[in-house]
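Read through the structure below, which is laid out as structure tokens, and then see the notes.
The values are calculated or read from the model by the stated rules, or taken from the named source; none is laboratory data. This is a predicted model, so every value here is computed, not measured. We place every Cβ from the backbone using ideal geometry, glycine too, and count neighbours over all the protein chains shown. Each accessible area value is taken on the protein alone, full model and side chains, heavy atoms only, with ligands, DNA and RNA left out. Shrake-Rupley method; radii C 1.70, N 1.55, O 1.52, S 1.80 Å.
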Amino acid sequence: MIYTLTTNPAIDMNLTGREIKKNQVNRTFNTVYSPNGKGINVALVLRHFGVETTALGFFGGFTGRYIIDRLTELKLPVKPIWVEDITRINVFVNDGPDEYKFVNSGSFVPESKQRELLAQLQQLDDCTHLVISGSLPQGISEDYYRDILQICHQKDIQVILDISSLNLKDLLQERPLLIKPNDEEVQKIFGLPVRSDEDAFTVMRLLKKQGAQNVLLTLGAVGAYFSDGRMLYRCSAQKVKLLSSACAGDAALGAFLSKWLAAGGDIEAALKRSAATGANVAESEGLGDFSSVDTYIKNIIVRKVGQV
């Protein structure tokens, strides 16, 4: 079974307004509350595409209880670790041409709860893949990632990493099955731009050399690259009117995994589903209803660029 780990979940509050101005009362409408966190989004998308999934993470307070209750309603199994602090609320406001993002740091997770989650991982008997996605909350150091990966190595659990941590460079030594950086993270962590196919070749060769088995490199509204360590693929994007980009990258990863891991490893089909799903979510509040995915898939073009 695929498990997802969200150490820093949130409720996302998506608001729509008109001509947002500072120092004034701005009226909003179409308020949507979503159980959120990057790994939770991946799990919900996997479940939408029929893949059995369970979510892990730290939850606290009335906000944490709301997330668990909503995920239960959505029939997504969750194995929470409860903390005393309150799970965060993030706010996203769209006023038509612009999007404003207010992202909080998250609840405090003490060492005792950190150990409890590690023990939980040790006891999982049905976990074949673990998706580690999102930021770390207060109280958890970057070294925690390595603790998790070492347990996964001991238990022969394949790891998918979607983190923006500078430690990603060191974690590649653990040979994760897949990493999903975006172009900004590649620039920040590895100091490499991605402006062309040649740049993508350079990045993929470096990441392969450092230990990444597969790389899904997302470029936002202009598509994505994928490398399986042998071939570089380029995937186009579906143009949409942006409403909220908050969940789009997570949805793209979940959609990719639903084909690549759970449906025979068809790379081209996985990339098309990934791009179509990410675009549909970007034009929706929260994850939306995925109603345009099948239509958008027909517009996505995947080409082989060359050998890595």
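Leaving out ligands and nucleic acids, note down the accessible area per residue over segment 4-159 with a 1.4 angstrom probe, in whole Å². Display every interim value, and only then the final one.
Values: 7700 Å² over 156 residues.
On a per-residue basis, 49 Å².
Add +1 for every Lys or Arg and -1 for every Asp or Glu among the other residues with Cβ under 13 Å from the Cβ of G64, and state the total. It would help to have the intermediate numbers written out before the result.
Numbers: positive: R65, R70, R88, K113; negative: D69, E84, D85.
Every neighbour counted, the sum reads +1.
Collect residues whose amide H, placed 1.01 Å from N in the peptide plane, falls under 5 Å from the amide H of D12; neighbours closer than 5 in sequence don't count.
S34, N36, N90
Label M231 and D170 with points 7 Å out from Cα along Cα→Cβ: what is the distance between them in nm?
So the two model labels end up 3.7 nm from each other.
First check a/c for segment 177-307, with a ≥ b ≥ c the square roots of the eigenvalues of its C-alpha gyration tensor; if it is under 1.5, answer rounded, and if not, answer prolate when a/b is larger than b/c or oblate otherwise.
prolate
What number results when the radius of gyration of segment 73-137, computed over Cα atoms, is divided by 2.2 N^0.38 Å?
Numbers: Rg = 16.1 Å, N = 65, 2.2 N^0.38 = 10.7 Å.
This ratio for segment 73-137 stands at 1.50.
Which percent of the accessible heavy-atom area of the chain goes to carbon and sulfur, probe 1.4 angstrom? Working shown, then result.
On the way: 6620 of 14050 Å².
Ligands and nucleic acids excluded, carbon and sulfur reach 47 percent.
With +1 on the Cβ of every Lys and Arg and -1 on the Cβ of every Asp and Glu, and nothing else charged, how large is the dipole of segment 177-248 about its Cα centre, in debye rounded to the nearest 20? Before the final figure, lay out the partial values.
Values: 10 positive and 7 negative charges, 23 e Å.
So the magnitude is around 100 debye.
Can you pull the three principal axis extents for the Cα set of the chain, in Å, largest first?
54, 46, 36
How charged is the neighbourhood of A224? Take every other residue with its Cβ under 10 Å from the Cβ of A224, and add Lys/Arg as +1 and Asp/Glu as -1.
Details: positive: K180, R234; negative: D183.
Within the 10 Å Cβ shell, the charges total +1.
Direction-averaged shadow area of the convex hull around the Cα atoms of segment 223-270, nm²?
Across all orientations, segment 223-270 yields a mean hull projection of 3.7 nm².
For every other residue with a beta carbon closer than 14 angstrom to the beta carbon of T28, add +1 if it is Lys or Arg and -1 if Asp or Glu, then tell me the sum.
Working: positive: R18, K21, R27; negative: E19, D95, D98, E99, E285.
Computed value for this residue: -2.
Report the equivalent ellipsoid semi-axes for segment 17-149 in whole Å, largest first, defined as the square roots of five times the eigenvalues of the gyration tensor built from alpha carbon atoms. All intermediate terms of the calculation are to be shown ahead of the outcome.
Working: eigenvalues 186, 69, 36 Å².
Ellipsoid half-lengths, sorted descending, are 30, 19, 13 Å.
Calculate the dipole size of the chain relative to its Cα centre from +1 charges on Lys and Arg beta carbons and -1 charges on Asp and Glu beta carbons; express the result in debye to the nearest 20.
On the way: 34 positive and 35 negative charges, 123 e Å.
For this selection, approximately 600 debye.
What per residue convex hull volume, in Å³, do the alpha-carbon atoms of segment 171-224 yield? Before the final figure, lay out each step's value.
Values: hull volume 3.6 nm³, N = 54.
Given the Cα convex hull of segment 171-224, per-residue volume reads 67 Å³.
Using a Förster distance of 30 angstrom, determine the FRET efficiency expected from the C-beta separation of R195 and K79, and round it to 0.05.
Working: r = 42 Å, r/R0 = 1.40.
For R195 and K79, the calculated efficiency is 0.10.
Under a Cβ-only charge scheme (Lys and Arg +1, Asp and Glu -1), can you give me the dipole magnitude of segment 150-215 about the Cα centre, in debye to the nearest 20?
Details: 9 positive and 10 negative charges, 45 e Å.
Once rounded to the nearest 20, the dipole reads 220 debye.
For segment 123-206, which trypsin sites (Lys or Arg not before Pro) are in a loop by DSSP, counting at most 13 other Cβ atoms within 10 Å? Could the numbers behind the result be given before it?
Working: sites: R146, K155, K169, K188, R195, R205; in loops: K155, R195.
Filter output for segment 123-206: R195.
Modelled label-to-label distance, A221 and Q138, 7 Å Cα→beta-carbon offset: nm?
Going by the 7 Å Cα→Cβ label model, 3.5 nm.
Just how far, in whole angstrom, is segment 19-58 from segment 232-308 if you go by their alpha carbon centroids?
What the calculation gives is 18 Å, centre to centre.
Using the Karplus curve 6.51 cos²θ - 1.76 cosθ + 1.60 with θ = phi - 60°, what ³J(HN,Hα) values do you get for each residue of segment 22-29, in whole Hz, with x for Gly and Pro?
6, 6, 9, 6, 9, 7, 10, 8
Which whole-Hz ³J(HN,Hα) couplings does segment 175-189 yield from phi under the Karplus relation 6.51 cos²θ - 1.76 cosθ + 1.60, θ = phi - 60°, glycine and proline marked x?
With the stated coefficients, segment 175-189 comes to 6, x, 4, 8, 10, 10, x, 9, 5, 5, 5, 4, 5, 6, 7 Hz.
First check a/c for segment 85-197, with a ≥ b ≥ c the square roots of the eigenvalues of its C-alpha gyration tensor; if it is under 1.5, answer rounded, and if not, answer prolate when a/b is larger than b/c or oblate otherwise.
Values: a/c = 2.11, a/b = 1.24, b/c = 1.70.
Oblate shape, in that a/c is at least 1.5 and b/c is the bigger or equal ratio.
So what is the calculated 222 nm ellipticity per residue for the chain, using -39500 (n - 2.57) for each DSSP H run with n of 4 or more, over all residues, to the nearest 500 deg cm²/dmol? It would help to have the intermediate numbers written out before the result.
Details: 10 runs with 108 residues, N = 308.
My calculation for the chain gives -10500 deg cm²/dmol from helical runs alone.
Calculate, in nm to one decimal, what Q123 and K298 gain on full extension: separation in residues at 0.36 nm each, minus their alpha carbon distance.
Value of the extension gain: 58.7 nm.
Would you be so kind as to identify which of L216, N8, H48 lies farthest towards the positive end of the dipole of the chain, taking Lys and Arg as +1 and Asp and Glu as -1 on Cβ and the Cα centre as origin?
Going by the Cα projections, it comes out as L216.
By how many nm would the segment from V91 to N26 lengthen if fully extended, with 0.36 nm per residue of separation less the alpha-carbon distance? List each step's numbers first, then the result.
Values: separation 65, 0.36 × 65 = 23.40 nm, distance 1.42 nm.
My answer for the length gained is 22.0 nm.
Need one number: nm distance between label points at D69 and V103, each 7 Å from Cα along Cα→Cβ, rounded to one decimal.
2.7 nm
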